[in-house]
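Structure first, commentary second.
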Amino acid sequence: MKEVKLMKGNEAIAEAAIRAGADGYFGYPITPQSEVLEYLMSQKPHERTGMVVLQAESEVAAINMVYGGAATGKKVMTSSSSPGISLKMEGISYMAGAQLPCLIVNVVRGGPGLGTIQPSQSDYFQATKGGGHGDYRLFVLAPASVQEMADFVKQGFDLAFKYRNPVMILSDGIIGQMMEKVELEEQQPRLTQAEVVKKCPWATTGKTPDRERNIITSLDLEASKQELHNKVLQEKYEKMEEDVRFETFNCDDAEYIFIAYGSVARICQKAIDIARSKGIKVGLLRPITLFPFPSKKVAELATKVKGMMSVEMSAGQMVEDVKLAVNGKIPVEFYGRMGGMIPSPEEIVRALKNQLIGG
Amino acid sequence: MEIKDIIQEKNIVYKRTSLLTDKAMSYCPGCGHGTAHRIIMEVIEEMGIQSSTIGVAPVGCSVLAYEFLDIDMQQAAHGRAPALATAIKRLNPEKHVFTYQGDGDLAAIGTAETIHACNRGEKIVIVFINNGIYGMTGGQMAPTTLPGMKASTCPFGRDTELMGNPLRMTELVAHLPGTYFVTRQAVHTPVAVRKTKKAIRFAFENAENGVNFVEIVSNCNSGWKMTPVQANKWMEENMFPFYPLGDIKVPEKK
Ligand SMILES: Cc1ncc(C[n+]2csc(CCOP(=O)(O)OP(=O)(O)O)c2C)c(N)n1
Ligand code: SF4
């Protein structure tokens with residue numbers, strides 16, 4: 001039987017990382033995600049599995065440590081919250097360019113600037129559209145529970161190595177801080193050096209006589225070659241479509257659809273109960289992968305319902321992807337709260353009635 | 001005696017290390033980068049550690065170092081090489097890890113990473129090429145540009161009132177508990193090359209004891225707008241008095 005524990009989302013990330021056989025974690029404290037590093041340190045991971053955990057001098061250093069580790073084929077990760085993720089952006093762009101696998105957790109707080117320590121979803125654009133410089137994408141997973149915080153660590157690492165690309169878990173302060181029951185995976189052993197060399201023939205593991213030297217770089221000064229490299233990346237991002245994930249609730253008979261991810265998706269489920277008790281047939285589409293975005297599913301639903309409403313803790317970011325997928329076929333509305341405010345189920349139902357059903 | 005009598009195996013006193021690739025170096029003729037590369041590769045060859053060495057190239061003229069060095073290498077973002085090296089070494093403790101960085105990279109944008117890697121005592125070698133200028137981007141002022149020295153962003157010479165003072169990074173890191181061996185050398189004469197090679201060899205041999213930091217005061221004849229010969233002379237007359245050569249922190253055993 002699997003071990004079941006009551007944990008904070010941030011602690012679940014940390015425990016899952018040890019159990020997934022992660023080789024290294026590099027981070028810098030910031031609310032609301034400092035428990036990741038605190039929990040890791042409390043576990044003496046160097047004794048439990050030999051995992052390296054280091055508090056870096058900044059988020060900039062932390063992401064570049066992740067680069068260095070990932071380039072040797074190791075399973076490495078970092079976590080932070082919005083302002084810290086902004087600092088990591090240069091490094092993330094370099095990792096995308098150099099095609100390095102890693103896991104980055106963003107426990108989002110309200111912005112812009114120092115903003116607030118309250119939860120938000122205002123980093124959607126940054127996570128899904130690139131964020132740093134250059135044409136690149138992260139694979140983005142959006143957990144809606146502490147269980148998913150834990151599960152997405154291992155799945156995130158697997159996707160990162162499958163695509164040789166950074167994977168981001170885009171969470172928020174609610175899921176990071178709340179406590180829920182979580183079923184933990186069994187301890188997975190860390191890979192041996194021989195296994196790393198076999199799994200990552202591209203990695204800088206030391207040039208042996210049987211192969212050419214390995215170079216990890218994002219640089220190619222020749223424009224024609226850099227364009228070719230960009231094409232390879234774009235093909236990879238398209239291929240990610242095969243791992244698109246989403247969930248639907250009450251969509252079969254729905255006339256209206258909420259689209260929401262992460263903690264807001266859970267609030268929307270409650271809003272659905274309230275709406276249905278008043279005879280409003282509304283369902284929910286919860287994107288689990290934000291990139292790749294479940295555009296096909298949105299387009300399919302758009303042929304069946306009267307309207308959609310994207311509900312976010314932002315000024316309206318994911319709604320742009322919804323509108324692109326719907327392509328003008330039905331009305332798409334948006335309801336959001338900002339700056340760390342959390343929408344209540346009642347106000348979401350009110351917004352649905354006022355903005356979409358008609359008043 | 002004919003030339004063929006001289007070119008014989010038994011007469012070889014020096015040969016090119018096999019750990020440099022055949023790629024023509026992109027450095028300006030007369031630049032010290034190429035010599036520094038050669039010395040590092042000679043040491044790696046002599047120590048027989050090619051298969052266990054991982055190098056980190058910076059952003060700067062030596063950004064393409066991995067084109068010339070026949071070892072596994074990573075290219076870091078500007079200034080971040082010590083952060084990469086920190087993780088490489090901690091995750092691969094059996095490997096020899098070194099960074100190769102210019103003064104803009106190491107002493108301006110990467111100051112935090114340099115200081116903290118040195119302070120933590122990461123078990124790495126840092127080779128620091130100080131040419132007092134930003135070579136790659138076309139000769140702008142560096143943190144190490146001398147007072148009065150001209151660069152494209154201080155065309156009338158570095159005015160320390162306006163632009164601040166040059167930074168002696170090597171003296172600074174020598175104060176930190178995590179550095180083991182800290183030295184300042186040069187590569188512009190055969191004697192200097194031999195001393196530098198000895199220092200780099202010592203650094204690689206002692207990396208398990210903490211950061212081994214080797215500064216090489218070098219030229220940038222293009223950025224300084226001089227011939228290679230003028231540049232070396234200018235370096236001796238102006239750079240060496242401000243950045244005196246010699247060991248700065250020597251472990252007791254040495
Ligand atoms: C983040 C960032 N800022 C600026 C640059 C532009 N840049 C490239 S090399 C360089 C200076 C390099 O000078 P130095 O480290 O002294 O090396 P050198 O070229 O003299 O060997 C700068 C500013 C960059 N590539 N990345
Ligand atoms: S610009 Fe200066 S540092 Fe760069 S290769 Fe030329 S001489 Fe060397």
Entirely in region A:1-109, the helices (runs of 4 or more DSSP H) that have 3 or more residues that are more than 14 Å from chain B (Cβ to nearest Cβ) and of a type outside the set (Asp, Glu): A:9-19, A:35-42, A:82-98
Residue that is nearest to residue B:213 (Cα to Cα), among those in region B:112-136 that are within 14 Å of chain A (Cβ to nearest Cβ) and within 12 Å of ligand 1 (Cβ to nearest atom): B:114
Selected residue (only one of B:50, B:101 is away from ligand 1 (no atom under 15 Å from the Cβ) and either more than 27 Å from residue A:22 (Cβ to Cβ) or not hydrophobic (A, V, I, L, M, F, W, C) (or both)): B:50
Residue match in region B:217-228 (condition: without any contact (Cβ under 8 Å) to a residue 60 or more places away in the chain and either crowded, with 20+ Cβ neighbours inside 10 Å or not in a helix (DSSP H, G or I) (or both)): yes
Pairs, first touching a residue at least 12 places away in the same chain (Cβ under 8 Å) in region A:347-359, second among the β-branched types (Val, Ile, Thr), C-beta under 6 Å, six or more apart: A:348/A:311; A:349/A:274
Subset of region B:218-241 [in contact with a Pro (Cβ under 9 Å, 6 or more places away or on another chain) and closer than 13 Å to residue B:132 by Cβ]: B:219, B:221
Residues being away from ligand 1 (no atom under 16 Å from the Cβ) and either out of contact with any strand residue (DSSP E or B) (no Cβ under 9 Å at 6 or more places or on another chain) or within 14 Å of chain A (Cβ to nearest Cβ) (or both) - total across region B:209-231: 3
Residue selected from region A:171-207 under the condition in contact with a Pro (Cβ under 8 Å, 6 or more places away or on another chain) and aliphatic (A, V, I, L, M), by the criterion nearest to the other protein chains (Cβ to nearest Cβ): A:175
Wholly within region B:72-167, strands (runs of 3 or more DSSP E) carrying at least 2 residues that are within 16 Å of ligand 2 (Cβ to nearest atom) and crowded, with 24+ Cβ neighbours inside 10 Å: B:96-102, B:125-130
Hey, residue B:34 within 16 Å of ligand 2 (Cβ to nearest atom), modelled with pLDDT of 95 or more and surrounded by fewer than 20 Cβ atoms within 10 Å (Cβ to Cβ) or not: yes
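Matching residues to (1) under 16 Å from the mean Cα position of the chain (by Cα); (2) modelled with pLDDT under 95; (3) buried (at least 18 other Cβ atoms within 10 Å of the Cβ):
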residue	(1), (2), (3)
A:138	yes, no, yes
A:158	yes, no, no
A:161	yes, no, no
A:165	yes, no, yes
A:170	yes, no, yes
A:207	no, no, yes
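Just the residues that are of a type in the set (S, T, N, Q) and in contact with a Cys (Cβ under 7 Å, 6 or more places away or on another chain), please, taken from region B:169-186.
B:179
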Where a residue in region B:1-28 is more than 19 Å from residue B:55 (Cα to Cα) and its partner, wherever it lies, is among the polar types (S, T, N, Q) and at pLDDT below 95, with Cβ under 9 Å and at least six apart: B:5/B:11
Single residue of A:120, A:81, A:93 found to be within 16 Å of ligand 1 (Cβ to nearest atom) and either among the polar types (S, T, N, Q) or touching a Pro at 6+ places or on another chain (Cβ under 8 Å) (or both): A:93
Segments classed as helices (runs of 4 or more DSSP H), wholly inside region A:138-251, with at least 1 members that are free of Cβ contacts under 8 Å to residues at least 40 places away in the same chain: A:146-163, A:193-199, A:223-239
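Okay, residues lined up against (1) over 23 Å from residue A:342 (Cα atoms); (2) of a type outside the set (Lys, Arg); (3) surrounded by fewer than 18 Cβ atoms within 10 Å (Cβ to Cβ):
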residue: A:247; (1), (2), (3): no, yes, yes
residue: A:255; (1), (2), (3): yes, yes, yes
residue: A:259; (1), (2), (3): no, yes, no
residue: A:265; (1), (2), (3): no, yes, no
residue: A:272; (1), (2), (3): no, yes, no
residue: A:277; (1), (2), (3): no, yes, yes
residue: A:282; (1), (2), (3): no, yes, no
residue: A:285; (1), (2), (3): no, yes, no
Every pair of residues 6+ apart whose Cβ atoms lie under 6 Å, when the first sits in region B:86-97 and is facing chain A (nearest Cβ under 8 Å) and on the phi < 0 side of the Ramachandran plot while the second is crowded, with 23+ Cβ neighbours inside 10 Å and among the basic types (Lys, Arg): B:91/A:74
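Would you be able to say whether some residue in region B:47-64 is part of a helix (DSSP H, G or I), under 27 Å from residue A:98 (Cβ atoms), within 11 Å of chain A (Cβ to nearest Cβ) and within 16 Å of ligand 2 (Cβ to nearest atom)?
First pass over region B:47-64, keeping only residues part of a helix (DSSP H, G or I): B:47, B:50-52, B:61-64.
From what's left, under 27 Å from residue A:98 (Cβ atoms): B:50-52, B:61-64.
Filter once more, so that each one left must be within 11 Å of chain A (Cβ to nearest Cβ): B:50-52, B:63-64.
Checking which are within 16 Å of ligand 2 (Cβ to nearest atom) leaves us with B:63-64.
Scanning region B:47-64, I find at least one residue that is part of a helix (DSSP H, G or I), under 27 Å from residue A:98 (Cβ atoms), within 11 Å of chain A (Cβ to nearest Cβ) and within 16 Å of ligand 2 (Cβ to nearest atom), so the answer is yes.
The values are calculated or read from the model by the stated rules, or taken from the named source; none is laboratory data. Because the structure is predicted, anything quoted here is derived from the model rather than measured. Glycine also receives a Cβ, built like all others from the backbone with ideal geometry; neighbour counts cover every protein chain displayed.
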